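Input: a single structure, listed below in structure tokens.
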Amino acid sequence: MTTKGLIYMQAWTITGAGPHSLNELQLQDVPAPLPQTGELQVRVHAVGLNPADYKVITGGSWQIPHVIGMDVAGEVTRVGANVTDFTVGERVFYHGDLRRSGSLAEFTVTCSWSVAKIPASVSYEQAAASLCGTLTAYQALYRKANLSLAKTILIHAGGGAVGLAALQFAHQLGLTTITTTSARKRALIDRVGADIIIDYHTENVTEKVRAATNGRGVDLSINTIGGEELAADVDRLAYNGQIIAVGDGYPQHFDFDDKALGLTRSGLGGVYRSADFTGIHDLATMATAVGDLLAAGKFDPVIDRILPFDQAQAGLMTLQRGENLGKIVVRI
């Protein structure tokens, strides 16, 4: 739709002072964004939903309608000045900046150096489902972890988006995988595979980890829980072990000295705040690697459901209630 020279698009938006609820989301017409220098405009074909999407809604305040969503798969429709690596019509995907107008819209705009090209054999839906959680897991293992002597890994919440991706990457690295899950998500773990599965509702995680490693503990832990669960990992780690912390918060007490343990924080989209070109471009580098794995049939994004655009709000509510089993993707 065009009005007074502006092109309008449909988008899921939130407006006004927070906190907000998901019931306040509105599907409305807003001006389509145009790319500035170094930017791309993308016609959105699919969006992977993430917990960060509804956390932005519940916690943010905006003077003008703010478009929700950060994971994008689509095609380039306009290129800004000084963009040389992309042309109109190319299929692309990227993990976006939460501070900007988002992806649950017909069009969106981002800096070109965070964007990767989608291999021809990979669908928009597969690409959109392989961003936030997948890139977090990829970053944790291929950027943060010291893999020199690592043989064993504990992956918390293996049935979540990060966990399911981390299990697959850990297999490819030849690591023995131990993961925690609930009975409800056990089928997801079985789908991607794990060497040892611990039901954290009915079993003692620390005891099971130590038994599985002959009392030694694991070399690595990818901890998406945070808080006191980070402290609990101290007893689950081997000497010189390392925790890759994805979950929020730190406990008040740590004893890292006795085992010479390491703690590394994994952060993904926060790199946009740094304005560091190399760090932001690494999002594209990692997405390219994941795209290659998708094309080779070596990565399963574990999609739960694909929803039409007008059901995006319902999809976010399902995600917030924790009722999904795998990624929820919105097709636009």
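The values are calculated or read from the model by the stated rules, or taken from the named source; none is laboratory data. Keep in mind the model is a prediction, meaning the values are calculated, not measured. With ideal geometry, Cβ positions are generated from the backbone for all residues, glycine too; neighbour counts draw on all protein chains shown. Ligands, DNA and RNA are excluded from the accessible area calculation, which covers all protein heavy atoms including side chains. Shrake-Rupley method; radii C 1.70, N 1.55, O 1.52, S 1.80 Å.
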Item to complete: Residue by residue through region 262-286, note down the ones that are basic (Lys, Arg) and touching a helix residue (DSSP H, G or I) at 6+ places or on another chain (Cβ under 6 Å).
Response: none
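Can you tell me which of 292, 300, 257 is of a type outside the set (A, V, I, L, M), open to solvent by 20 Å² or more (accessible area, probe 1.4 Å), outside any loop (DSSP other than H, G, I, E, B) and out of contact with any Ser or Thr (no Cβ under 6 Å at 6 or more places or on another chain)?
Among 292, 300, 257, only 292 is of a type outside the set (A, V, I, L, M), open to solvent by 20 Å² or more (accessible area, probe 1.4 Å), outside any loop (DSSP other than H, G, I, E, B) and out of contact with any Ser or Thr (no Cβ under 6 Å at 6 or more places or on another chain).
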Discussion item. I'd like the full set of residues that are hydrophobic (A, V, I, L, M, F, W, C) and surrounded by 24 or more Cβ atoms within 10 Å (Cβ to Cβ), limited to region 146-168.
Written reply: 153, 154, 155, 161, 162, 164, 165, 166, 167
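This table checks each residue for (1) open to solvent by 70 Å² or more (accessible area, probe 1.4 Å); (2) touching a Leu at 6+ places or on another chain (Cβ under 9 Å); (3) at pLDDT 95 or above; (4) within 14 Å of residue 163 (Cβ to Cβ).
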site	(1), (2), (3), (4)
202	yes, no, yes, no
210	yes, no, yes, no
214	yes, no, yes, no
222	no, yes, yes, yes
237	no, yes, yes, no
242	no, yes, yes, no
247	no, yes, no, yes
253	yes, no, no, no
Worksheet item: For residue 86, all conditions in the list (1) more than 16 Å from residue 12 (Cα to Cα); (2) of a type outside the set (Gly, Ala, Ser); (3) part of a strand (DSSP E or B); (4) open to solvent by less than 60 Å² (accessible area, probe 1.4 Å) hold save one; what is the number of the exception?
Response: (3)
Discussion item. Tally up the residues in region 197-230 that are more than 19 Å from residue 141 (Cα to Cα), within 24 Å of the chain's Cα centre (by Cα) and free of Cβ contacts under 8 Å to residues at least 40 places away in the same chain, please.
Written reply: 6
Item to complete: Mind listing whichever residues of region 303-332 are surrounded by 16 or more Cβ atoms within 10 Å (Cβ to Cβ) and assigned to a strand (DSSP E or B)?
Response: 303, 304, 306, 307, 327, 328, 329, 330, 331
Worksheet item: When you look at residue 65, is it at pLDDT below 95 and loosely packed, with under 13 Cβ neighbours inside 10 Å, yes or no?
Response: no
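Going through 107, 93 one at a time, which residue ends up being open to solvent by 10 Å² or more (accessible area, probe 1.4 Å) and aromatic (Phe, Trp, Tyr)? Spell out the reasoning first.
On the way: 93 fails: open to solvent by 10 Å² or more (accessible area, probe 1.4 Å).
So the residue among 107, 93 that is open to solvent by 10 Å² or more (accessible area, probe 1.4 Å) and aromatic (Phe, Trp, Tyr) is 107.
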Worksheet item: With respect to residue 267, is the statement that it is closer than 20 Å to residue 224 by Cβ and under 15 Å from the mean Cα position of the chain (by Cα) true?
Response: yes
